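A short write-up of the structure that comes next.
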Amino acid sequence: MNARRAVVIGAGPAGLLAAAALSPAVDEVVVLDRDELPEGPEHRRGVPQSRHAHLLMPGGLEVMEELLPGADLRGRLVAAGARETALSSDLLALAPVGWFRRWRHRTFVTMTAGRPLLEWGVRRAVLDGSRNVVVRRAQATGLRGGARRVTGVHLADAEGGPLEDLDADWVVDASGRGTRLLPWLDALGVGGVRERNVDSGLTNATRVYRTPPGARDWPMTLVQADPWSGRPGRSGMIVPIEDGAWMVSLGGMRGSEPPKDPDAFVAYALNLPSPLVGRLIEAAEPLGPVHLSRSTSNSRRYLEKARRWPEGLVALGDAAATFNPVYGQGMSAAALGARALAQAVREHGIEAPGLARRVQRAVARSAEGAWSAAVGTDVLYPGVEGGRATVGNRVAAAYSRRLYHAATGSYAAAAALWDVTTLRTPPSRLFRPDALLHALTGPPLPALSGPPLTAAERDFLAGLAPSA
């Protein structure tokens, strides 16, 4: 029997994908958000990372297309201006152990675009393909029901004024980093949920530039932070996005934060382990100010371990687990959680007793890989708050360093890393025989002395004015 109504709190990708997951099983899905959602790909106030670089990893895109059959999400995004970057061949990446090679294989294709375009593409795909999903501007202020079952949400208008309560057979919290779920649960009599926060102190600084003439096809460029040095991590990346632009993001952990001043922003990029990002943006025209964000901690609410859990309630995306955005896994991890919801509803039926707890546990399992990778790396940096590197973390870091070294000269080793970092496979992939062998034997090809540029890219770089 179909349930009458599901309510989803939050109209970001996590909430919209949750709506798509529930749509076949209910009569109506109401998606709530405090923001007035724009008609096109525009920034909105309720997305704290909106001004910073976003990657839609292959694992996340595959899951989204599974949840949205027939929507051609990839085609929609490309038609709107999103760029496709094959990590195997279209990426200039300097890891702490050396430059990665660019291979003939065109694999691990990642979508790059501004966050507003990615979010708009997902929203249109969901709303066009699910006729029983509606978006309403309102603010959820609490949950109705009790410890045994949630029966709806308390509402206020976007400015906090009171509105009527909204009945629901299912409620999904996809409200993001700012979730109020734990106090709402306390009010229902569901307390004692453990929460963990691990904060490396990362500051993101981002500025958009017009791509210089002659560099229209310049590859995505990444200078990675070094988690093994014992010093604050510093990173920089150039991400090609829509409208012939580069989104340039610099990241610095606590003690090495990037600046907001435009001149100092360029100087910071020039002083990364490779000056390549800095040299390129010296030649580019800025299209706006430098935007800073410090909303970068890893936060996890262990909802799946609660002693009891109400029927009809699930938390997805950042409301359940939030990751340091420098690793680019947030949207993809949210998609995996929505798939867990869709699979559970399809296999067991939405009225099945205990379904909400079953889904919450599946959501936790789907987030485990991204959480382990982000936290396991962040605890290696000095000054991290909320965690310290264990013996296990240091052993894993030593193995990871060997595998990264192998990946500078081995496609098989690089593919193992990309399988995991793009959320196509769980972290156990790194311990399969092929990856273990390369980690033990090292790269079969010698280290590169500089970035692996094409002839056209070398000519462009040679034509740039010397750095000031």
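Computed from the coordinates by the stated procedures, all read-outs in this text should not be read as laboratory data. Fair warning: this is a prediction, and the values are worked out from it, not measured in the lab. Cβ atoms come from the backbone with ideal geometry, glycine included; neighbour counts cover every protein chain shown.
Under 5 Å between amide hydrogens, built in the peptide plane, is the criterion, and for TRP103 it picks out SER89 among residues at least 5 positions away or on other chains.
Between LEU37 and THR441, take the C-beta separation as r, use R0 = 41 Å, and let me know the FRET efficiency to the nearest 0.05.
Efficiency, from the Cβ-Cβ distance: 0.20.
Ranked by the mean number of other Cβ atoms within 10 Å of their residues, highest first, the peptides 441-448, 425-432 come out as 425-432, 441-448. Taking the convex hull of the alpha carbon positions in region 276-324 and averaging its projected area over all directions gives 6.2 nm².
Quick one: plug the Kirkwood hydrodynamic radius of region 260-384 (C-alpha pairs) into Stokes-Einstein at 20 °C, 1.002 mPa s, and report D in µm²/s.
In µm²/s, the coefficient rounds to 123.
All alpha carbon pair distances within region 5-55 were sorted into 5 Å bins beginning at 0; the resulting P(r) in whole percents reads 5, 19, 25, 22, 15, 9, 4, 1. Given their separation in residues at 0.36 nm each and the Cα-Cα distance between them, GLU368 and VAL78 gain 101.4 nm when the chain is fully extended. Between ALA367, THR322, SER400, the Cα set farthest toward the positive side of the dipole of region 322-402 (charges on each charged residue's Cβ, about the Cα centre) is that of SER400. About its Cα centre, the dipole of region 82-228 is roughly 680 debye, where the only charges are +1 on Lys and Arg Cβ and -1 on Asp and Glu Cβ. Amide H contacts of VAL31 (H built 1.01 Å from N, in plane; Pro and chain starts excluded): VAL8, VAL134, VAL135, ARG136 sit under 5 Å, all sequence-distant by 5 or more or on other chains.
Helices in the chain, meaning DSSP H runs of at least 4 residues, each add -39500 (n - 2.57). Divided by all residues, the mean residue ellipticity at 222 nm is -10000 deg cm²/dmol. Hydrodynamic estimate: the Kirkwood radius of region 1-157 over Cα pairs, inserted into Stokes-Einstein at 37 °C and 0.692 mPa s, corresponds to D of 188 µm²/s.
Each residue of region 22-36 was assigned a 3J(HN,Hα) from its phi angle through the Karplus expression (A = 6.51, B = -1.76, C = 1.60, θ = phi - 60°), giving 8, 3, x, 9, 10, 7, 8, 10, 9, 9, 9, 8, 6, 7, 7 Hz with x at Gly and Pro. Summary value for region 91-226: 27 percent relative contact order, contacts being C-alpha pairs under 8 angstrom separated by 6+ residues.
Against the chain, whose longest principal axis comes from its Cα atoms, helix 115-129 is set at around 40 degrees. Placing unit charges on the Cβ atoms of the charged side chains and taking the dipole of the chain about its Cα centre, the candidate lying farthest along the positive direction among LEU155, ALA356, VAL171 is ALA356. When DSSP beta bridges are restricted to pairs lying wholly in the chain, around 70% turn out antiparallel. How would you classify region 132-180 from its alpha-carbon gyration tensor, with a ≥ b ≥ c the square roots of the eigenvalues: rounded for a/c under 1.5, else prolate if a/b is greater than b/c, otherwise oblate? It is rounded, given that a/c, with a ≥ b ≥ c, falls under 1.5. Take the Cβ-Cβ distance between ARG346 and ASP459 as r, set R0 to 45 Å, and report the resulting FRET efficiency rounded to the nearest 0.05. Calculated value: 0.25.
Counting only other residues whose beta carbon sits under 11 Å from that of ASP243, what net charge do I get with K and R as +1, D and E as -1?
+1
If you take the Cα centroid of region 1-79 and the Cα centroid of region 425-441, the two points sit 34 Å apart. Projecting the Cα atoms of VAL78, PRO24, GLY46 onto the dipole axis of region 1-144, where Lys and Arg carry +1 and Asp and Glu carry -1 at the beta carbon, places GLY46 farthest toward the positive end. At full extension, LYS260 and VAL395 could sit 44.9 nm farther apart than now, given 0.36 nm per residue minus the alpha carbon distance.
Within the shell of other residues whose beta carbon sits under 10 angstrom from the beta carbon of SER200, the net charge comes to -2, with Lys and Arg scored +1 and Asp and Glu -1.
Shown here for region 242-306: trypsin sites (Lys or Arg not before Pro) in loop regions (DSSP other than H, G, I, E, B) with at most 14 other Cβ atoms within 10 Å, namely LYS260, ARG294. Taking the Cα centre of region 146-211 as origin and assigning +1 to Lys and Arg Cβ atoms and -1 to Asp and Glu Cβ atoms, the resulting dipole is close to 560 debye.
Applying a DSSP loop filter and a limit of 16 other Cβ atoms within 10 Å to the trypsin sites (Lys or Arg not before Pro) in region 112-169 leaves ARG131, ARG148. Here region 313-366 is assigned +1 on the Cβ of each Lys and Arg and -1 on the Cβ of each Asp and Glu. Its dipole about the Cα centre then comes out at about 160 debye. ALA284 sits among other residues whose Cβ lies under 13 Å from its own Cβ, and their net charge, with Lys and Arg +1 and Asp and Glu -1, is +2.
Label positions at THR425 and THR107, each projected 7 Å from the Cα along the C-beta direction, are separated by 0.9 nm. Taking amide H as placed 1.01 Å from N in the peptide plane, the amide H of GLY145 sits under 5 Å from that of THR151, each at least 5 places away or on another chain. Note on the chain: Cα convex hull, mean projected area over all directions, 21.9 nm².
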